[in-house]
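Novice: So that we are looking at the same thing, I have put the structure below in structure tokens.
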Amino acid sequence: MRHLLAERGLDGEIEVQSAGTGGWHAGDPPDARATATARARGITLEGAARQVTADDFEDFDLLVAMDRDNLRDLRAIAPPGSEDKVRLLLDEERDVPDPYYGGPRGFEEVLDLVEAGCARLLDDLAP
């Protein structure tokens with residue numbers, strides 16, 4: 001998403017953070033295979049993993065889930081009245097699959113889906 005924002009001249013207009021519903025990777029950098037796949041497309045992945053908190057529902061206008069399991073988990077921790085801040089990146093029928101089990105091509109396929117989903121989301125959000 002940050003890459004798309006930069007391409008469209010929208011740096012600083014939309015704040016983007018990444019967080020998981022589980023904390024097992026908290027503090028870790030992005031997966032090396034994901035980083036290499038993104039780098040080959042001119043995209044930089046950086047930062048450290050963190051877990052979603054209830055405060056995120058106050059701090060952000062939108063929380064985007066990659067799959068229906070994460071959507072369910074986010075809705076479960078959403079403070080009352082903030083459940084509508086959560087949506088899937090793709091649509092109700094399609095999940096972004098976990099690339100860890102897709103072999104070398106898994107990261108390419110996931111990046112294709114994420115790029116397309118982020119472009120659609122940005123089209124919906126930006127004038």
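The values are calculated or read from the model by the stated rules, or taken from the named source; none is laboratory data. Everything numeric here is computed off the predicted structure, so don't read it as measured data. Virtual Cβ from ideal backbone geometry, glycine too; neighbours counted across all protein chains shown. Ligands, DNA and RNA are stripped out before the accessible areas are found, and what is left, the full protein with its side chains, is counted by its heavy atoms. Shrake-Rupley method; radii C 1.70, N 1.55, O 1.52, S 1.80 Å.
Novice: For segment 54-127, which GluC sites (Glu not before Pro) are both in a DSSP coil and crowded by at most 10 other Cβ atoms within 10 Å? Working shown, then result.
Specialist: Working: sites: GLU58, GLU83, GLU92, GLU93, GLU108, GLU109, GLU115; in loops: GLU92, GLU93.
Passing both the DSSP loop test and the Cβ count: GLU92, GLU93.
Novice: On to the next question. May I ask you to give the percent of accessible area on the chain that is carbon plus sulfur, with a probe radius of 1.4 Å?
Specialist: Working: 4130 of 8160 Å².
Ligands and nucleic acids excluded, carbon and sulfur reach 51 percent.
Novice: In Å², what does the accessible area per residue of the chain work out to with a 1.4 Å probe?
Specialist: Ligands and nucleic acids excluded, the figure is 64 Å² per residue.
Novice: Out of GLY42, PRO29, VAL52, whose Cα points farthest toward the positive end of the dipole of segment 14-63 (charges: +1 Lys, Arg; -1 Asp, Glu; placed on Cβ)?
Specialist: GLY42
Novice: Something else now. So which residue, out of PRO104, PRO80, PRO30, gets the largest mean-square fluctuation from a GNM of the chain using Cα contacts under 10 Å as springs?
Specialist: Of PRO104, PRO80, PRO30, the Gaussian network model singles out PRO80 as fluctuating most.
Novice: How much FRET efficiency would the formula 1/(1 + (r/R0)^6) give for GLU46 and ALA19, where r is the Cβ-Cβ distance and R0 is 25 Å, rounded to 0.05?
Specialist: Values: r = 15 Å, r/R0 = 0.58.
So, using R0 = 25 Å, E works out to roughly 0.95.
Novice: Within the set of other residues whose C-beta is less than 15 Å from the C-beta of LEU4, count the net charge using Lys and Arg as +1 and Asp and Glu as -1. Don't skip to the end; give the middle numbers.
Specialist: Values: positive: ARG2, ARG8, ARG41, ARG120; negative: GLU7, ASP11, GLU13, GLU15, ASP112, GLU115, ASP123, ASP124.
Net charge around LEU4: -4.
Novice: Let me ask another. What figure in square angstrom, to the nearest 10, would you give for the accessible area of THR21 with a 1.4 Å probe?
Specialist: 40 Å²
Novice: Ignoring everything except DSSP H segments at least 4 long, calculate the 222 nm mean residue ellipticity for the chain; use -39,500 (n - 2.57) per segment, divide by total residues, nearest 500.
Specialist: Details: 5 runs with 52 residues, N = 127.
When only DSSP H runs of four or more count, the value is -12000 deg cm²/dmol.
Novice: Within segment 1-83, list the trypsin sites (Lys or Arg not before Pro) lying in a DSSP loop whose Cβ has at most 15 other Cβ atoms in a 10 Å radius. Before the final figure, lay out each step's value.
Specialist: Details: sites: ARG2, ARG8, ARG33, ARG39, ARG41, ARG50, ARG68, ARG72, ARG75; in loops: ARG8, ARG41, ARG50.
Answer in residue order: ARG8, ARG41.
Novice: Moving on. Placing unit charges on C-beta atoms (Lys and Arg positive, Asp and Glu negative, everything else neutral), compute the dipole magnitude of the chain about its Cα centre in debye, rounded to 20.
Specialist: Working: 14 positive and 28 negative charges, 79 e Å.
It comes to approximately 380 debye.
Novice: Please give the contour-minus-distance gain from ALA116 to ARG39: 0.36 nm per residue of separation, less the Cα-Cα distance, rounded to one decimal in nm. It would help to have the intermediate numbers written out before the result.
Specialist: Numbers: separation 77, 0.36 × 77 = 27.72 nm, distance 1.71 nm.
Once the chain is fully extended between ALA116 and ARG39, it gains 26.0 nm.
Novice: With a point put 7 Å past each Cα toward its Cβ, work out how far GLU109 is from ASP91 in nm, to one decimal.
Specialist: My value for the distance between the label points is 1.9 nm.
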